[in-house]
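Here's the structure, in structure tokens; my notes come after.
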Number of protein chains: 6
Amino acid sequence: MPRYNHRTLAQMRPIRITRHYIRHAEGSVLIEYGETKVICTASVIEKVPPFLKGAGQGWLTAEYGMLPRSTGERMQREAAKGKQSGRTMEIQRLIGRALRSVLDLKKLGERTIQIDCDVIQADGGTRTASITGAFVALCDAVGYLRAEKIISENPIKDHVAAVSVGILKGQPLLDLDYAEDSSCDTDLNVVMTGNLGLVEVQGTAEKVVFSRQELDVMLDMAQQGLQELFDLQRKTLETAAS
Amino acid sequence: MPRYNHRTLAQMRPIRITRHYIRHAEGSVLIEYGETKVICTASVIEKVPPFLKGAGQGWLTAEYGMLPRSTGERMQREAAKGKQSGRTMEIQRLIGRALRSVLDLKKLGERTIQIDCDVIQADGGTRTASITGAFVALCDAVGYLRAEKIISENPIKDHVAAVSVGILKGQPLLDLDYAEDSSCDTDLNVVMTGNLGLVEVQGTAEKVVFSRQELDVMLDMAQQGLQELFDLQRKTLETAAS
Amino acid sequence: MPRYNHRTLAQMRPIRITRHYIRHAEGSVLIEYGETKVICTASVIEKVPPFLKGAGQGWLTAEYGMLPRSTGERMQREAAKGKQSGRTMEIQRLIGRALRSVLDLKKLGERTIQIDCDVIQADGGTRTASITGAFVALCDAVGYLRAEKIISENPIKDHVAAVSVGILKGQPLLDLDYAEDSSCDTDLNVVMTGNLGLVEVQGTAEKVVFSRQELDVMLDMAQQGLQELFDLQRKTLETAAS
Amino acid sequence: MPRYNHRTLAQMRPIRITRHYIRHAEGSVLIEYGETKVICTASVIEKVPPFLKGAGQGWLTAEYGMLPRSTGERMQREAAKGKQSGRTMEIQRLIGRALRSVLDLKKLGERTIQIDCDVIQADGGTRTASITGAFVALCDAVGYLRAEKIISENPIKDHVAAVSVGILKGQPLLDLDYAEDSSCDTDLNVVMTGNLGLVEVQGTAEKVVFSRQELDVMLDMAQQGLQELFDLQRKTLETAAS
Amino acid sequence: MPRYNHRTLAQMRPIRITRHYIRHAEGSVLIEYGETKVICTASVIEKVPPFLKGAGQGWLTAEYGMLPRSTGERMQREAAKGKQSGRTMEIQRLIGRALRSVLDLKKLGERTIQIDCDVIQADGGTRTASITGAFVALCDAVGYLRAEKIISENPIKDHVAAVSVGILKGQPLLDLDYAEDSSCDTDLNVVMTGNLGLVEVQGTAEKVVFSRQELDVMLDMAQQGLQELFDLQRKTLETAAS
Amino acid sequence: MPRYNHRTLAQMRPIRITRHYIRHAEGSVLIEYGETKVICTASVIEKVPPFLKGAGQGWLTAEYGMLPRSTGERMQREAAKGKQSGRTMEIQRLIGRALRSVLDLKKLGERTIQIDCDVIQADGGTRTASITGAFVALCDAVGYLRAEKIISENPIKDHVAAVSVGILKGQPLLDLDYAEDSSCDTDLNVVMTGNLGLVEVQGTAEKVVFSRQELDVMLDMAQQGLQELFDLQRKTLETAAS
């Protein structure tokens, strides 16, 4: 069972992160997991949601969307339909939780980082690419806040990144593309911090259930992929801004 | 750290399942996980969604809601607000996937089982109680279809149930109530089938990340609780209808 | 023409009121008019709507809903549809007006009593059961406000309850169940206070018009049923809280 | 307590009905109850709602709206707000029921009469004026259907009209204007057919309850006003189209 | 190619403006361009939108709607559908811009003039009639503000009016009715001020493109029609209020 | 008054068109007008809207959106807000009309070309860039239909492109960037076909009216810019697909 582009089972697709992709945003990247392409922006907004008024801390929230023709068949535009799908809401809640897990909201002060992840081309793994890319955008937005002396301490506690793993005909596979994702029995999304702490583990088996042993194999494989992603995040962030 | 009502760390709350709770529905139960109370109904609808027209199979879908005053502070009514929250959508998608994992949709024939889970009193674990209870309602709806000779073979392949586990100050806890859930570092929802296959594993750590070892301890504890739930489901289903 | 369960024409269905039904609410009851079952809660909210800011008085408002499978055929969930039907709006406006008619809003102070009536099983008369039950929940919420010394004087001026009457093939019938309501020529809902003052009289004849004489007969019959309801409310409220 | 324009207690405001007011509609009138002005149109639509497909009968449905500045203070436009208020829904349901009570839906055939009542200037009694005016528009739409030989028999069984009555400081008043309606204790809307059958009786007492005797007085007064309205409808319909 | 009612190519339909049409509004007119009839009201609202809080200036905004049966075939009611169409939004934005172009917002003070244009009968040119009529309603609302000594200086800098021109089979036509508008190749709406300055020029050619020469001819024709409209506005405003 | 990047008054910003930008779409480009960047896709959908069923012709429709952080300050996401703004609707209607003006809908056959224009970075001129870019995407979608032998004749009759012109302190300026657009007195969007026919002329003067002479100067300047755009479209379409 060869994978597309001769990938091995435990091999990620080529990952690329382009910083400073949208000129207006305090942080912005284009992240590519193979043919999946997501624009992630981090915007600084000088207020907090009502439930945090006067609480002496900040907030981070995320929104997610797909361009209508990012997919093989055109999807209906959510703005035209007048509401976001359950899938969209689920993904944007996941992105928000993942990034808040590495952010010291007290050090951020009374402001909000608004993350926007917009998929311009989809080929599987849009939620994991969004998290990995949004982390870099977040770092750049925080860099802006520190350069402008708006905050003094770094509120970012660790890296965070995400990858998917699946089981297809008994074989574990890292970083599923769309075709693999569609035919897979089990699908596991793993979000980890740089020190290998688990933030989110979301495994789903609609067709064939999975065993504890399979879960372990998938988690090992995910961890290996995540280490590559942390390396890439670090390397990307070391380069000076374009 | 004693738990409310002298529960031990690995002890479930008292679970009660009352069948035939709503007279109109083909299947209906009231399920109680301690003070959490959910009405689960399974309705037989003699059509399938458009994407399955003519596909020679059935479907199961689920909706979830909370009465406005099921919670400590009154929540806004979603019908009045004009939309369902992201949390609601996430939960109803989870319930649907969990139940479909044990249902042979071909044997169901071209019809839909519509599950409705409505929380009348909430004290943590509403999504796990919904899944465990909805399974019993599903069995009764299928029993109706067989008694009426609408289908001949049993489309239900196995039991399915769900429970939550958490880590609070380093200690794993089974079946969290609301107070525990709110103060917990990590929260894991586990959905399993009767033969101990994993269907859904959803672990979330917004405050403190968790390790692979902690995940293992939590999964062990969940499995133990789920075995109790499968026993209760079996015992409940053995009794003749009221 | 015998009625279901051998009721006479002027006989109510068995009525049951269970107080303290939902633990979180300041007042809550399960009310049953035969097979019709409604959960009524009264929540104290420490603010008033904008149009009453600073007016030195309180407010009472009501919302109404039906669980999707409370009915013989599953109804679409209003939260999923994104709006409340005209029927729902009409009923919740009626419940609010009925309860405000016996409430001294000045004595309530600048706070709102939010009534929620949720039908868990429907068999005709859901709006009348809602009013009768919500009155008891209101009394318990007011009891809470007085026990907590939040208000000193009792703002409740009188009892209020409701019942339906109809004319079926020339015969007047008290407290219609669903089958009777559907086949009835005329349908009259009557809301009265304990001193037999009329609050709402809503008579509708879509099929056969009714005469002044028939209206009189129906009002007499309603009044008789309402006296039973006031007695039951009194007896229920005399018992100490569970 | 003199009334505006020296009306006596039992005197209607000047009523005017102008037929053929909107050139495109099959039936259309401008109806005026004093300063209240409503455009009522009846449109013939050659299909029935889904629940009547193939049932061999027609339908009549009504919608109601107010121009934003028909009132003393500008109201928000419902189209801009994105939903109709509970009051709007309640009124349009009432108009529909009232007109269906005099229409033989079988004789109408498989088509819908769509009534639209749009208030261009409001001074109390908009719902009663809508019903009285819409009846004339309905007659003209039916006249069109018969002139065009689309239907052969007259589906209109009787006249229908509506008027409000109130009690202000113990005095009954016919046909309330806005100032009277706002200060009134009790408000009763009565819909009757030409042969003096009751179709709708809607009495509401938010401030002071009313007695059976008061209800009787109000119904007598309403009947007297309705007879004037039936006379005017007849006279208006006798004149040839402008 | 004779026009309906023997109009010449460059001849407007009969234009009528009736002031003080709705008693509650500070300014209100019925404007008729032939069979097109629009009620325009100008309401004074003593606040400004959030983006102008404290800016020391006022605002003018406009809304537009059509009665469902103002057209040949009944249109769906936007309030019932739950949203305004793109066409409606486009027109109300145009009306607002046109009237703001002649209004000194500083002299208006911190208040809003809310324009409502509601088409009660449509026969082409509803947006141009709305602008021409709303100008007169605006003048009356400003007259009210000055008579009440709420503002001292006149904020209206010039007249504004609008007309449409089209090209049908190579011939330019002034003030298109519905039939002409539907069959026309090009449609140009022109908004001008009294001193012949251009405010809006909106030319559209869905079927056959137009040349610079044709644009010039159409602009000449529009200007001629607009001069008639300015004359009528002046004459109308000179008459004392009814 | 020098322009940013030393542009002369009649000089366009650097324009770049990148074909085949999104792999899934039948036609797709990234178009850049300086710092304005828009992804335009053309999707082939094998059905027509209801009003064209059986009419023997096709349709083209367009949707437009902006990523929330395409702008200097983050805009609210329309999908989250639940509706598209009036500006969005106006622009997408304009794009649709512009492209339909050069498309022979009969030759297209009974199918729809769905255009999506999504702004990923905004700096003025997003609607004009959308039209110019969408034309190239349309050509590629039509190329696909012809290569696949789905249609035989070319339905594209001519080029179409768009540019904005403004007057700033009396000076005409071609192709306004955001800063220029915001401070400009008059703003004119011109859509033309390759043979210099006018399709849309939309001139707006909210602050200072404009004269016929100024309109002429602006149209001359627009035409000169449009000729450059047609050249670039031709050159781009001549290159083989990447």
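The values are calculated or read from the model by the stated rules, or taken from the named source; none is laboratory data. Values in this document were obtained by computation on a predicted structure and should not be read as measured data. A quick note on method: Cβ atoms are made from the backbone with ideal geometry, for glycine too, and the neighbour counts reach across all protein chains shown. When the accessible area is computed, the model is the full protein with side chains, heavy atoms only, and any ligands, DNA or RNA have been set aside. Shrake-Rupley method; radii C 1.70, N 1.55, O 1.52, S 1.80 Å.
Solvent exposure of chain C amounts to 38 Å² per residue of accessible area, where only protein heavy atoms count and the probe is 1.4 Å. For a modelled paramagnetic label at residue C:46, 7 Å from Cα along Cα-to-Cβ, the residues of the stretch C:71-113 in reach, with backbone nitrogen under 16 Å, are C:109-113. Of all beta-carbon atoms in chain F, the one sitting closest to the axis that brings chain F onto chain B gives F:82, 5, with the distance in whole angstrom.
Each part gets one Cα centre, and for the stretch A:181-242 versus the stretch B:69-126 those centres are 28 Å apart. Here residue F:169 yields copy-to-copy label distances, from shortest upward, of 5.3, 7.0, 7.0, 7.2, 9.2 nm, the label point defined as 7 Å from Cα along Cα to C-beta. Taking 0.36 nm per residue of sequence separation and removing the Cα-Cα distance, the residue A:149/residue A:18 pair yields an extension gain of 44.6 nm. Per-residue surface analysis assigns residue C:158 an accessible area of about 40 Å², computed on protein heavy atoms at 1.4 Å probe radius. Tell me: how much accessible area in total is hidden between C and D, 1.4 Å probe, Å², nearest 100? Buried area between the two chains comes out at roughly 2900 Å². State the percent of C-alpha pairs, over all pairs in chain E, separated by a distance greater than 22 angstrom. That tail contains 53 percent of the Cα-Cα pairs.
What part of the accessible area of chain E, given as a whole %, is carbon or sulfur when the probe is 1.4 angstrom? Ligands and nucleic acids excluded, carbon and sulfur give 50 percent.
Within the stretch B:201-242, the trypsin sites (Lys or Arg not before Pro) that combine a DSSP coil assignment with at most 16 other C-beta atoms in a 10 angstrom radius are B:207. For the residue pairs C:47/F:81; A:81/F:81; A:106/A:149; E:47/E:107; C:81/E:83; C:83/F:83, alpha carbon separations beyond 22 Å are given by C:47/F:81. Label-to-label distance for residue D:217 and residue F:183 is 7.5 nm, based on points extended 7 Å past Cα in the beta-carbon direction. Given R0 = 56 Å, the distance between the Cβ atoms of residue B:237 and residue E:80 translates into a calculated FRET efficiency of 0.75. Label-point spacing at residue A:217 relative to the other copies reads 2.8, 7.6, 7.9, 7.9, 8.9 nm, in ascending order, each point sitting 7 Å out from Cα along Cα→Cβ.
Hand me the GluC sites (Glu not before Pro) from the stretch C:150-236 located in a DSSP loop with no more than 12 other Cβ atoms within 10 Å, in residue order please.
C:153
Taking the chain by itself as reference, the stretch D:28-70 contains these residues with an accessible-area loss of 40 Å² or more in the full protein complex (1.4 Å probe, heavy atoms): D:63, D:67, D:69.
Copy-to-copy label distances for residue E:76, where each label lies 7 Å from Cα along Cα-to-Cβ, are 1.2, 1.2, 2.2, 2.3, 2.5 nm in order of increasing length. Provide the net charge surrounding residue B:205, with neighbours chosen by a C-beta distance below 10 Å and charges set as Lys +1, Arg +1, Asp -1, Glu -1. With Lys, Arg at +1 and Asp, Glu at -1, the neighbours total -3.
How big is the C-alpha Rg of the stretch B:1-126 next to the rule-of-thumb value 2.2 N^0.38 Å, as a ratio? Relative to the rule-of-thumb radius for its length, the stretch B:1-126 sits at 1.22. At q = 0.14, 0.15 Å⁻¹ the log10 of I(q)/I(0) for the stretch A:167-230 amounts to -0.38, -0.44, computed by Debye summation with a single uniform scatterer per C-alpha, solvent ignored. The modelled label-to-label distance between residue B:224 and residue A:5, using points 7 Å beyond Cα along the C-beta direction, is 4.6 nm.
One way to sum up the overall shape of the stretch A:55-135 is the equivalent ellipsoid from its Cα gyration tensor, whose semi-axes run 27, 14, 9 Å, largest first.
Largest first and in whole Å, give the semi-axes of the stretch E:101-242's equivalent ellipsoid, each being the square root of 5 times a Cα gyration tensor eigenvalue.
Equivalent ellipsoid of the stretch E:101-242: 32, 15, 13 Å, largest first.
Restricting the trypsin sites (Lys or Arg not before Pro) of the stretch F:37-92 to loop positions (DSSP other than H, G, I, E, B) with no more than 15 neighbouring Cβ atoms within 10 Å leaves F:47, F:53. At q = 0.08 Å⁻¹ the log10 of I(q)/I(0) for the protein assembly as shown amounts to -1.23, computed by Debye summation with a single uniform scatterer per C-alpha, solvent ignored. Ranking A:182, C:164 from most to least accessible surface, computed with a 1.4 Å probe over the protein chains only, gives A:182, C:164.
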